Amino acid sequence: MDSFDVMYEDALLQVEIAITNELNKTVILESLDVTNALKTESSLDAWDYCYAIACGLAGVFISTSEDFGKYLEEIHQAASGNSGEYDKFQSFLGRVFHHEGDHIDLIDGTFKNRNGENAYGLFHRLLWGHDIFSLKSDNPFRIMYEQKGISGVLQVVRHLLADTTSKQGLPLPGSSFFDYKNEKNNTSNYLIKIAQNLSNESTGLKNNAQEIYSHMMTIRAQDVTAGVVVKGATDIYFKIRGVNDKIRCLEIQLIAYSVNFLGEAVFGACKQNGIPYINVPLAGMIATTFAKFCYQENKEIKNLNNHTQLLHNAVDRLEDDKTARFISLPVIEDADKFLELNDNADKNIVELLEFLGDEKI
């Protein structure tokens with residue numbers, strides 16, 4: 001019997017060791033580093049913020065540079081057939097965007113508005129031939145088709161792209177819908193009126209109306225270039241640092257675009273007595289990037305909710321299994337029953353040991 005007692009004690013020891021090992025493997029929640037759980041691939045670090053702000057400031061410099069604006073204006077002059085000293089790149093673009101004599105600009109040598117009246121020269125693009133959404137006879141595609149046939153459609157694209165390099169820029173699509181009759185019963189546009197009122201409020205005169213209009217209600221190549229540079233610089237940053245998380249990339253770009261937009265607005269407000277520059281193309285890029293960010297964030301939240309629901313279902317199954325096992329255990333209602341079961345257990349062990357002893361003999 002002594003050998004069986006040793007075997008029995010050894011078995012209990014092995015069970016105890018196994019239980020101890022499993023307990024040591026159990027993760028104690030209090031010992032977890034919560035700060036690591038708060039950091040994800042979408043979290044921005046200091047370099048992300050610094051680079052995004054730097055890109056935005058670079059965009060402000062490009063969009064407000066007078067030298068760069070003058071360089072682009074010379075491209076438009078070359079495209080218009082004006083003589084001047086242009087470098088090779090300006091001369092090349094001047095040939096590509098050449099639009100001298102297009103009826104989009106002039107009819108019989110004079111600027112016209114959409115009702116055939118002589119137009120306000122400083123705002124001739126706004127009043128005639130440059131709105132692709134115009135429903136009147138001045139729609140640029142209609143005008144150029146009548147002038148040059150099917151090739152006029154391509155000429156419209158060349159002409160409008162050239163006008164973005166001008167000082168005033170290209171009128172926003174749909175501007176023709178803001179036409180109205182002024183006190184002299186001549187066709188004008190509410191955008192001109194807004195620009196004149198802003199100029200009058202800032203300087204007391206209407207002389208700065210064209211400058212305000214060009215920096216708030218047009219598409220300018222200079223503004224577009226700033227946005228493209230910011231986009232390209234951030235894409236290079238993602239490749240260099242290996243940033244692949246979509247939300248993180250969109251956050252960095254959104255910061256860079258916002259710094260560019262707000263910085264340009266502040267610069268304009270300082271220069272125009274409180275009237276900001278509004279980079280319309282960049283505003284569109286901000287809106288598009290923000291929409292992508294919201295979509296991607298909602299997509300990630302949906303995935304997290306799905307995984308969380310799977311975990312909840314797994315926990316529910318474990319709790320149900322535990323409850324089922326607990327219900328299957330015998331219920332001991334009094335001490336006599338407990339003592340009886342204990343005696344039966346001891347008797348079963350003795351019988352088992354005697355049986356094993358007989359087998360050994």
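The values are calculated or read from the model by the stated rules, or taken from the named source; none is laboratory data. Keep in mind it's a predicted model, so treat the numbers as computed, not measured. Methodologically, a virtual Cβ is constructed for each residue, glycine included, from the backbone with ideal geometry; neighbour enumeration extends over all protein chains shown. Note: areas computed on protein heavy atoms with side chains; ligands, DNA, RNA excluded. Shrake-Rupley method; radii C 1.70, N 1.55, O 1.52, S 1.80 Å.
For the reader, a short list of remarks on this structure follows.
- For segment 184-208, filtered to residues that are among the basic types (Lys, Arg) and assigned to a loop (DSSP other than H, G, I, E, B), the residue that is least open to solvent (accessible area, probe 1.4 Å) is Lys206.
- Each residue in segment 130-149 was checked for being open to solvent by 60 Å² or more (accessible area, probe 1.4 Å) and of a type in the set (A, V, I, L, M, F, W, C), and 4 pass.
- Ala269 vs. criteria part of a helix (DSSP H, G or I), free of Cβ contacts under 8 Å to residues at least 40 places away in the same chain and closer than 15 Å to Ser63 by Cα: yes
- Test for Val280: is it within 26 Å of Thr64 (Cβ to Cβ), surrounded by 11 or more Cβ atoms within 10 Å (Cβ to Cβ) and of a type outside the set (Lys, Arg): yes
- Number of the condition not met by Phe177 [criteria: (1) open to solvent by less than 60 Å² (accessible area, probe 1.4 Å); (2) touching a residue at least 40 places away in the same chain (Cβ under 8 Å); (3) hydrophobic (A, V, I, L, M, F, W, C)]: (1)
Rundown of residues vs (1) part of a loop (DSSP other than H, G, I, E, B); (2) closer than 11 Å to Ile104 by Cβ; (3) in contact with an Asp or Glu (Cβ under 9 Å, 6 or more places away or on another chain), yes/no style:
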| position | (1), (2), (3) |
| --- | --- |
| Phe133 | yes, no, no |
| Ser137 | yes, no, no |
| Arg142 | no, yes, no |
| Gly152 | no, yes, yes |
| His159 | no, yes, yes |
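- Residue count, segment 104-129 (criterion: touching a helix residue (DSSP H, G or I) at 6+ places or on another chain (Cβ under 8 Å), open to solvent by 50 Å² or more (accessible area, probe 1.4 Å) and of a type in the set (A, V, I, L, M, F, W, C)): 2
Here's the yes/no breakdown for (1) in contact (Cβ under 8 Å) with a residue 24 or more places away in the chain; (2) touching a Gly at 6+ places or on another chain (Cβ under 8 Å):
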{"position": "Glu74", "(1), (2)": "no, yes"}
{"position": "Gln77", "(1), (2)": "no, yes"}
{"position": "Asn82", "(1), (2)": "no, no"}
{"position": "His99", "(1), (2)": "yes, no"}
{"position": "Asp108", "(1), (2)": "no, no"}
{"position": "Phe111", "(1), (2)": "no, yes"}
{"position": "Asn118", "(1), (2)": "no, no"}
{"position": "Phe123", "(1), (2)": "yes, no"}
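- Reported count of residues in segment 252-275, each being open to solvent by 40 Å² or more (accessible area, probe 1.4 Å) and either among the β-branched types (Val, Ile, Thr) or at pLDDT below 95 (or both), is 6.
- Matching residues in segment 209-248 - criterion: being open to solvent by 20 Å² or more (accessible area, probe 1.4 Å), hydrophobic (A, V, I, L, M, F, W, C) and closer than 15 Å to Thr288 by Cβ: Val224, Val228
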